[in-house]
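First comes the structure, then the notes that go with it.
The values are calculated or read from the model by the stated rules, or taken from the named source; none is laboratory data. Given the structure is predicted, the values throughout are model-derived calculations rather than measurements. So basically every Cβ, Gly included, is an ideal-geometry build from the backbone, and we count neighbours across all protein chains shown. All accessible areas refer to the heavy atoms of the entire protein, side chains included, with ligands and DNA or RNA removed. Shrake-Rupley method; radii C 1.70, N 1.55, O 1.52, S 1.80 Å.
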Amino acid sequence: FKVSQKATRAISLTLAVLFIALALTQFNKAYTFVNALFALCVLSLAYFKNPQLLSQFFITFLFMLLPFFIVNGVLTGTGIEGEIVWYNNNENLGIRLFTIPIEDSIYAFSMLLFNLLLFKLFSRKST
């Protein structure tokens, strides 16, 4: 499964604008700023170096969100007495999806995409 080249371009541009806006307006919140800046770098790298991968990743990421929310939800306190992972709301937006800071979805996006880009790069070099 993959999205079209036109949709990849539109999604990428929308995400880039979002990440730029977050980085420019939230530079005083470390977790938000670093996640937005890193996500922008990874998205740009993927868009210019491997847009085909990006078109497949957008669909894959949607499916990966379900286990992400389950595991991350438990770690941040969903369904348990106290959270295992604690976030300082002074360093993030304070917006949560259930108990998960919204920035964690940006973190998951960039971490998974960056690792996938590295895997593709190193697998090409080894063949």
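Considering segment 82-92 alone, what residues qualify as being touching a helix residue (DSSP H, G or I) at 6+ places or on another chain (Cβ under 6 Å) and either among the charged types (D, E, K, R) or surrounded by 13 or more Cβ atoms within 10 Å (Cβ to Cβ) (or both)?
Within segment 82-92, Val85, Glu91, Asn92 qualify.
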Only unsatisfied item for Lys2, checking (1) charged (D, E, K, R); (2) exposed (fewer than 14 other Cβ atoms within 10 Å of the Cβ); (3) at pLDDT below 95, is (2)
Considering (1) in contact with an Asp or Glu (Cβ under 8 Å, 6 or more places away or on another chain); (2) hydrophobic (A, V, I, L, M, F, W, C); (3) at pLDDT below 90, say which one Leu93 fails and leave the rest. (3)
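Kindly check whether there is at least one residue in segment 93-102 that is part of a helix (DSSP H, G or I) and either without any contact (Cβ under 8 Å) to a residue 12 or more places away in the chain or aliphatic (A, V, I, L, M) (or both).
So far as segment 93-102 goes, no, none of its residues is part of a helix (DSSP H, G or I) and either without any contact (Cβ under 8 Å) to a residue 12 or more places away in the chain or aliphatic (A, V, I, L, M) (or both).
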May I ask you to list the residues in segment 93-120 that are more than 12 Å from the chain's Cα centre (by Cα), open to solvent by 70 Å² or more (accessible area, probe 1.4 Å) and not charged (D, E, K, R)? Ile95, Phe98, Phe119
So, of the residues in segment 10-44 that are open to solvent by 50 Å² or more (accessible area, probe 1.4 Å) and either among the aromatic types (Phe, Trp, Tyr) or in contact with a Phe, Trp or Tyr (Cβ under 8 Å, 6 or more places away or on another chain) (or both), which turns out to be farthest from Arg96 (Cα to Cα)? Ile11
